[in-house]
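Some notes on the structure that comes next.
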Amino acid sequence: ACFNGGYEGQAAHMESAGLDPKINKWALVFDFNDEAKTGKNWSLLKPAEVNTTPWFPLGECEVTVPVTGLDEAKAAQAAAA
């Protein structure tokens, strides 16, 4: 599932690394152990299996990475194929 959480300073860290938090490719898994790219080594979680509680290991802060749903993930996966 999409990362749901963050930490103070995450936006600055992503910017300095050249990453745009709005471009979220969490569902585009590159499986190094599946040379044929069958997709058998992993799957997307069903909505009921997703923990929707944000994770803030260093305390509450602004969420930098927008949470995207399964439909957006599937669309991103199809576009990348």
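The values are calculated or read from the model by the stated rules, or taken from the named source; none is laboratory data. Quick caveat, the model's predicted, so the values are computed rather than measured. Keep in mind that these areas ignore ligands, DNA and RNA; they rest on the heavy atoms of the full protein, side chains included. Shrake-Rupley method; radii C 1.70, N 1.55, O 1.52, S 1.80 Å.
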Give me the percent of the accessible area of the chain that comes from carbon and sulfur atoms, probe 1.4 Å, all protein chains in place.
56
Mind checking the per residue accessible area of the chain for me, 1.4 Å probe, whole number of Å²?
77
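Report relative contact order for the chain in percent, whole number only (criteria: Cα-Cα under 8 Å, sequence separation at least 6). If you can, show how the numbers build up before the last one.
On the way: 79 pairs, mean separation 44.7, N = 81.
Contact order relative to length: 55 percent.
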Which Rg and Dmax, in Å, describe the Cα atoms of the chain?
14.4, 42
